[in-house]
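Enquirer: Can you read through this structure? Questions will come right after.
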Amino acid sequence: MTYLSPLGYLLGIEGAALLRGVREGSADRAFVETRIAEIRALLDTAALAQAEGVTASPGTISVTDVYRSWAPHYDAPGNQMIDIEQPIVRRILDGLPVGTALDAACGTGRHTTYLRELGHDVIGVDVSPDMLAQARKRLPDVAFHEADLHRLPLPDNAVDTVVCALALTHVPDLAPVLAEFARVLRPGGSLVISDAHLLVSYLRPTLARRPGPDGRPSLLTEHHRPLSAYLAAALPLGFQVRQCEEPRRPRHSLDPETAPDPLPAHMSWDLLHWCPEASAAALDDSPIAVVWHFQLDGVRKAGHLSGVRARSTSSSGGSSPSRTAMT
Ligand SMILES: C[S@@+](CC[C@H](N)C(=O)[O-])C[C@H]1O[C@@H](n2cnc3c(N)ncnc32)[C@H](O)[C@@H]1O
């Protein structure tokens, strides 16, 4: 069980601001004393002390449940992660040869749309029927399949490009999913991945949700990982790194003039307005995402894939990945 406390979150942000300021040399005496005074004031603020914490169970809500409620407004403006990730992914896609492209975990079809505009034949796959419904509305003539990243409904060597954006945090183990990407990619094909950065998990914690009729709070399990984890999964499959970027949050992304909610009722990222200076010191210019461009080694693919298949067959209890396109 995880206890999410508004006051605990703000004290954590103050602590992160102090530690980062000391590490980066920006924490002079005035900065440190201001943080300490602010911590005292936060502790003495009755509205925060009385704000209800939430005890939530990690792993008690599924990805499809989460995206069921998110799908209708997933594309609404103001998603900072998307604002930062999208231009980088697009720049990589702009440089790739046009062919057949898979948007793996396509969601509402954000990158599918762009791939189509670039002239690719596109296929979208996602596990959430609600996200796919939005994607189909947006691109009615594109083939979207409801399927899991672990079992892509495509034959071997079917695509020239795979894009997998902001989805791998939902996957407990990268290796079998990247093996699926390698399987469906043609030799020399490109894999473009974006994902939330490990630091995001500390500075912007997952919020509790109340999914079921029993109303019990739940936490979606997310898997934030160090960069070495992507390399450990990708390199043995014959992927080579072409590009890796860790875009940062902009400075001053929190409006210091926004008044904090005087009576915070629950844990929310809006709480950061209670301590804008500390929030800026902790979060501004910190890596928010990682974007990778891998390219599959054309020459070595055949040998690698036989090993991949053997491993994924044994680890999935003997069933082999689907090789037939769904219709
Ligand atoms: C944050 S959204 C990103 C959607 C889209 N790629 C984008 O960047 O706009 C994450 C998506 O991953 C999908 N997803 C998560 N785990 C998945 C899995 N194992 N197989 C297929 N899709 C999955 C979710 O349903 C959701 O649509």
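The values are calculated or read from the model by the stated rules, or taken from the named source; none is laboratory data. Here the structure is a predicted model, which means the values were calculated and not measured. Glycine gets a Cβ as well: all are built from the backbone with ideal geometry, and neighbour counts include every protein chain shown.
Enquirer: In the range 178-212, what residues are assigned to a helix (DSSP H, G or I) and touching a helix residue (DSSP H, G or I) at 6+ places or on another chain (Cβ under 7 Å)?
Expert: Across the range 178-212, the qualifying residues are Leu178, Ala179, Ala182, Arg183, Leu203.
Enquirer: Which of the residues belonging to the range 37-68 are surrounded by fewer than 15 Cβ atoms within 10 Å (Cβ to Cβ), out of contact with any strand residue (DSSP E or B) (no Cβ under 8 Å at 6 or more places or on another chain) and modelled with pLDDT under 90?
Expert: Ala49, Gln50, Glu52
Enquirer: Please go through the range 267-300 and give me each residue that is at pLDDT below 90 and either among the aromatic types (Phe, Trp, Tyr) or crowded, with 22+ Cβ neighbours inside 10 Å (or both), ordered by number.
Expert: Within the range 267-300, Met267, Trp269 meet the criteria.
Enquirer: How many residues, within the range 118-145, are within 11 Å of the ligand (Cβ to nearest atom), farther than 25 Å from Leu96 by Cα and free of Cβ contacts under 8 Å to residues at least 40 places away in the same chain?
Expert: 1
Enquirer: Going through Arg68, Arg40, Arg90, Arg151 one at a time, which residue ends up being more than 24 Å from Arg242 (Cα to Cα), charged (D, E, K, R), assigned to a helix (DSSP H, G or I) and within 15 Å of the ligand (Cβ to nearest atom)?
Expert: Criteria check complete, one pass: Arg68.
Enquirer: Ok, one more. In the range 83-103, is there at least one residue being over 30 Å from Leu254 (Cβ atoms) and touching a helix residue (DSSP H, G or I) at 6+ places or on another chain (Cβ under 6 Å)?
Expert: Yes, the range 83-103 has at least one match.
Enquirer: Whether any residue in the range 20-28 is within 12 Å of the ligand (Cβ to nearest atom) and at negative phi is what I want to check.
Expert: no
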